[in-house]
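The values are calculated or read from the model by the stated rules, or taken from the named source; none is laboratory data. Because the structure is predicted, anything quoted here is derived from the model rather than measured. In this analysis, Cβ positions are derived from the backbone assuming ideal geometry, glycine residues included, and neighbour counts consider all displayed protein chains.
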Amino acid sequence: MKPRTRKNRKWSKELVQDEIRTWHAAGKPLYSHNVRKNFQELLAAGIRYFGNWQNAVASTGIAYDEVRKYQHWSKEVIVKKIQELHRQGVDLSFRSMMLSKYNSMVYAAIRPNHFGSWKSALEASGLAAEEIYRYRSWDESKIIDEIRKLKRMGADLSSKTMDETANPLIATARRRFGNWGNAVEKAGIDYDSVRRRRRWSRDQIIEGIRELRTQGVRLQSGDVRQHAPALFAAACKPRFFGSWSKALKAATA
């Protein structure tokens with residue numbers, strides 16, 4: 001990027017603020033080194049009218065700590081911000097984050113004395129990077145198909161459980177449909193019925209196990225915990241089968 005210059009431009013406080021907001025809205029890094037490199041005149045005007053660049057940025061209502069390249073992005077702060085963005089359904093793929101206003105956080109995260117890579121930063125935040133990339137490019141039809149598949153498998157589709165067990169899917173669905181309830185309804189499922197805790201029976205558990213087998217899911221306990229946690233939990237309850245092995249035996253008899 002070539003440095004941006006405008007000769008004989010008449011600067012004012014308001015014009016400096018307008019340019020800063022324009023850069024911020026476009027997702028361009030506002031840390032001083034980048035502005036000095038790409039728009040030196042703006043940096044100089046900001047310092048002239050506000051005393052320093054930090055004051056110039058802060059005068060627009062933008063938190064300067066969020067635009068710094070490295071200084072205040074500790075490992076703890078990075079993890080906290082990633083988790084916060086994840087709850088909001090933000091696309092946390094590397095490319096998307098580098099194009100966002102949080103690119104300074106990504107730069108900090110991939111430094112050797114922090115996490116070394118964006119994938120490691122995601123994992124340190126309790127997120128599975130492969131799941132984030134799996135759902136990122138899904139369109140509405142793929143999301144609907146996945147919801148229907150989970151329904152057939154007996155998964156608990158309440159937002160609370162999905163946030164805990166399939167957060168990348170529910171986050172992507174929220175971006176595509178506005179909220180999780182809309183996505184479930186688009187899949188032809190009454191969301192009011194899944195908001196309440198499902199009442200299992202032995203027959204429903206057996207049916208769910210057989211559906212998993214039809215879907216090609218390995219029926220080992222670890223795989224079932226991941227793909228159908230509600231089914232697994234119900235099968236292991238004393239009033240039903242008491243253990244996964246006994247439920248599996250009943251379903252395959």
Mind listing whichever residues of the stretch 140-178 are outside any helix (DSSP H, G or I) and loosely packed, with under 15 Cβ neighbours inside 10 Å? 178
Is it the case, given these coordinates, that residue 214 is farther than 18 Å from residue 241 by Cβ and either of a type in the set (A, V, I, L, M) or at pLDDT below 80 (or both)? no
Would you confirm whether or not the stretch 92-104 contains a residue that is part of a loop (DSSP other than H, G, I, E, B) and more than 24 Å from residue 16 (Cα to Cα)? yes
Across the stretch 182-211, what is the number of residues that are in a helix (DSSP H, G or I) and either over 20 Å from residue 144 (Cβ atoms) or of a type in the set (Gly, Ala, Ser) (or both)? 11
Say whether the condition of being surrounded by 15 or more Cβ atoms within 10 Å (Cβ to Cβ), modelled with pLDDT of 85 or more and not assigned by TED's automatic domain parsing to the domain that holds residue 93 is met by at least one residue in the stretch 187-196. yes
Residues satisfying the stated conditions in the stretch 21-38, i.e. in contact with a helix residue (DSSP H, G or I) (Cβ under 8 Å, 6 or more places away or on another chain) and under 12 Å from residue 102 (Cα atoms): 27, 28, 29, 30, 31
Residue 186 - would you say it is closer than 28 Å to residue 88 by Cβ and not hydrophobic (A, V, I, L, M, F, W, C)? yes
Failed condition for residue 225, given (1) among the basic types (Lys, Arg); (2) assigned to a loop (DSSP other than H, G, I, E, B); (3) under 25 Å from the mean Cα position of the chain (by Cα): (2)
Filter the stretch 233-243 for residues that are part of a helix (DSSP H, G or I) and at pLDDT 85 or above and give the result. 234, 235
Does residue 23 fit the bill of being modelled with pLDDT of 85 or more, within 30 Å of residue 178 (Cβ to Cβ) and either out of contact with any His (no Cβ under 6 Å at 6 or more places or on another chain) or outside the structural domain of residue 177 (by TED's automatic domain parsing) (or both)? yes
Taking interchain pairs and intrachain pairs at least six residues apart, which have beta carbon atoms under 9 angstrom, with the first residue in the stretch 11-23 and under 17 Å from residue 34 (Cα atoms) and the second of a type in the set (Lys, Arg) and assigned to a helix (DSSP H, G or I)? 16/48
Can you find, within the stretch 89-125, the residue that is farthest from residue 138 (Cα to Cα) among those that are touching a helix residue (DSSP H, G or I) at 6+ places or on another chain (Cβ under 9 Å) and in contact (Cβ under 8 Å) with a residue 60 or more places away in the chain? 104
Just checking, which of 118, 73, 53 is in contact with a Gly (Cβ under 6 Å, 6 or more places away or on another chain) and surrounded by 17 or more Cβ atoms within 10 Å (Cβ to Cβ)? 53
